[in-house]
Amino acid sequence: MMVPRSVPSITGGVRRVIDGRIVGYRSLAVGILGLVACASFAFAAPNVHSDGSDGAFAPTAATTTINLGLASTGTWDQPGEVSGNGVYDPVKWAVVFKYVSVNIASGKTVTFLNHPSGAPVVWLVQGDITIVGTINVSGAGYNLTGSFANAGPGGFAGGRGRLSASNSGSAGLGPGGGGHSSAAFGSAGYGLAGNGTLAGIMYGNARILPLIGGSGGGGSENDPASGGGGGGAILLASQGAVSISGSVNAGGGAGSINYGSYYYDSGGGSGGGIRIIANSVVGAAGGLQAQGGGGMAAGSVGRIRVEANTLGLTGSSGPDYTWLSPLESDIAVLWLPDTAPRIHVVTVGSQTVPDDPLGQFNPPGDVLLVTTDPQPVVLQAYNVPTDLPGRWLVKLRVTQRNGTSTMINADYQTGDALSSTWQASLTGVPLNDFVAVQARASAQ
């Protein structure tokens, strides 16, 4: 299993570091299996914890863009302070809307502007969700501007392409970010491993707990082309029915294929995550799409999960959805249990990482380093096995804004499986630049 959290950022000269969330975006890249332990089969409509405080959502414009940055900050189960804007919960790492009902009519499209944290989207709905139009949380395709390609909410950005010797390309962000070097790149992984010489790894689990999107493809080091951004992640939870005759898109952004060469092109972003919980889910499964971005090396597919008492989908989604039917409980399981593995970076050198790091590659960053000496990075883990021979592997993925990504092993320090500390040594952080650091833990 892999457990991600938030990412802090580091600059040189003034340097920043990023903690477990991955560069400004939290990456709970945890493969938590065994979460499907069934209690009794219950056929009551699921309690999705919606108070309806964001009203009924039935957009009338051809395109409605929801600015997730307008959400008030608080706990996910509190009413929204401003009706319609939702609540951002930094502990759950999600922007949560509590609607009375949702109706996306034919010809209507809903898109999103990311929250500064990059958090995914959660809709908790008292009544029905009807999707005849389109909900889009896809990542952006490659750009030629030397900037990171935007991810969908809950996903991770595509690595930069090279503009000059002092403004080089980078690896993709996220737990499955595609790699980057002077002679190769890789696409991003998620539901599967990515493609290319420096392919990103597979992560997450079939139930999409925690809710997390796709990773970014690796950028080119011989061309301005960035990697594609990772697809976003959305949870649609209804106490009634979810009916799909339109589409929910969480695709990864395309990498480039300008030259048809692994030496020049860039990697596609991986597809994101779509999770649906309802009393019944009916309609066309083909409307659920979380495909990887195309290009010289296409990104991996994302993940799609459907949980309902009555399942009446026809056709195939992309990729195929996994399902739970009937529901295991009449209380919707929205979040990871407290007993799930988790890990995050707490200090870099003498600096404490913020509880809610943004991990952005611009000033002021999350942690400031003013030395080029190696710095200890302390990680806090919960529910991660520490006893030999079953001790888990704990690592840091370090991604430079200008340059490649590397993996650094962390050593066990103290504690037990319930709570433990680990330490790694961060070296080679360039001055006057940024670095993203993400913690991950996995069984050997």
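The values are calculated or read from the model by the stated rules, or taken from the named source; none is laboratory data. This structure is a prediction, so every number in the text was calculated from the model and none was measured. Note that we place each Cβ from the backbone using ideal geometry, even for glycine, and neighbour counts take in every protein chain shown.
Things worth noting here:
- Taking the stretch 336-348 as the range and being touching a strand residue (DSSP E or B) at 6+ places or on another chain (Cβ under 8 Å) and free of Cβ contacts under 8 Å to residues at least 40 places away in the same chain as the test, only Thr347 passes.
- Test: residue in the stretch 206-224 that is of a type in the set (Lys, Arg) and assigned to a loop (DSSP other than H, G, I, E, B): yes
- When Asp416, Asp330, Asp411, Asp320 are checked against the criterion of being out of contact with any strand residue (DSSP E or B) (no Cβ under 9 Å at 6 or more places or on another chain) and either in the same structural domain as Asn150 (by TED's automatic domain parsing) or at pLDDT 95 or above (or both), Asp416 stands alone in meeting it.
- Residue among Gly299, Gly295, Gly271, Gly260 that is closer than 20 Å to Phe112 by Cα, part of a loop (DSSP other than H, G, I, E, B) and touching a residue at least 12 places away in the same chain (Cβ under 8 Å): Gly271
- From the list Ala193, Ala184, the one residue that fits, being at pLDDT 95 or above, of a type in the set (A, V, I, L, M) and either touching a Leu at 6+ places or on another chain (Cβ under 9 Å) or surrounded by fewer than 24 Cβ atoms within 10 Å (Cβ to Cβ) (or both), is Ala193.
- Number of positions in the stretch 396-437 that are within 20 Å of the chain's Cα centre (by Cα) and over 18 Å from Ala199 (Cα atoms): 4
- Subset of the stretch 340-358 [in contact with an Asp or Glu (Cβ under 6 Å, 6 or more places away or on another chain) and within 18 Å of Gly69 (Cβ to Cβ)]: Pro354, Pro357
- Within the stretch 53-68, residues that are at pLDDT 95 or above and assigned to a strand (DSSP E or B) have Cβ atoms under 6 Å from residues that are surrounded by 13 or more Cβ atoms within 10 Å (Cβ to Cβ) and among the aromatic types (Phe, Trp, Tyr) in these pairs: Phe57/Tyr99; Ile66/Phe112, counting only partners at least 6 apart in sequence or on another chain.
- Residue that is nearest to Pro153 (Cα to Cα), among those in the stretch 69-85 that are within 19 Å of the chain's Cα centre (by Cα) and assigned to a loop (DSSP other than H, G, I, E, B): Ala71
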